[in-house]
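Structure first, commentary second.
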Amino acid sequence: MVDGHITRPETSDGRRKVIVQTQHRLTQAEIAQVAAEYQAGWTLPQIAKRWGINRETARLALTRACVPIRERGTLSPAMLKQALQLEADGWSLNKLGAKFGIDPKTMKKRLTEQ
């Protein structure tokens, strides 16, 4: 650690690279928006990418906002309805899985449960 920053091993010229990690702390208004997006069917990875935060940070924000977290590989009712429509339109399980962030085999299981 140099001057309070984490450093990497020395480079070929003998200098150390300093890693500066930026943090985005969500405001109450942003947490409310994250909660609304999640309840509308967004996945944690989608929310994390949109807000530039870690997936775990997104999950913690939702937990603090008293939003129940879906189990991994599950679809909200809105997502399931959309997936069923896209499947009827000819989308493959691979394409559906990629869109919703779910393994194609899990997607097949969720669609056949209906």
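Determine, from the Cβ-Cβ distance of residue 114 and residue 15 and an R0 of 41 Å, the FRET efficiency 1/(1 + (r/R0)^6), rounded to the nearest 0.05. Please list the in-between numbers first.
On the way: r = 59 Å, r/R0 = 1.44.
After rounding, the FRET efficiency stands at 0.10.
Of the trypsin sites (Lys or Arg not before Pro) found in segment 24-75, the ones in coil according to DSSP and having at most 16 other Cβ atoms within 10 Å of their Cβ are 25, 70, 72.
All of the numbers you see were taken from the coordinates with simple rules; none came from a lab. Here the structure is a predicted model, which means the values were calculated and not measured. In this analysis, Cβ positions are derived from the backbone assuming ideal geometry, glycine residues included, and neighbour counts consider all displayed protein chains.
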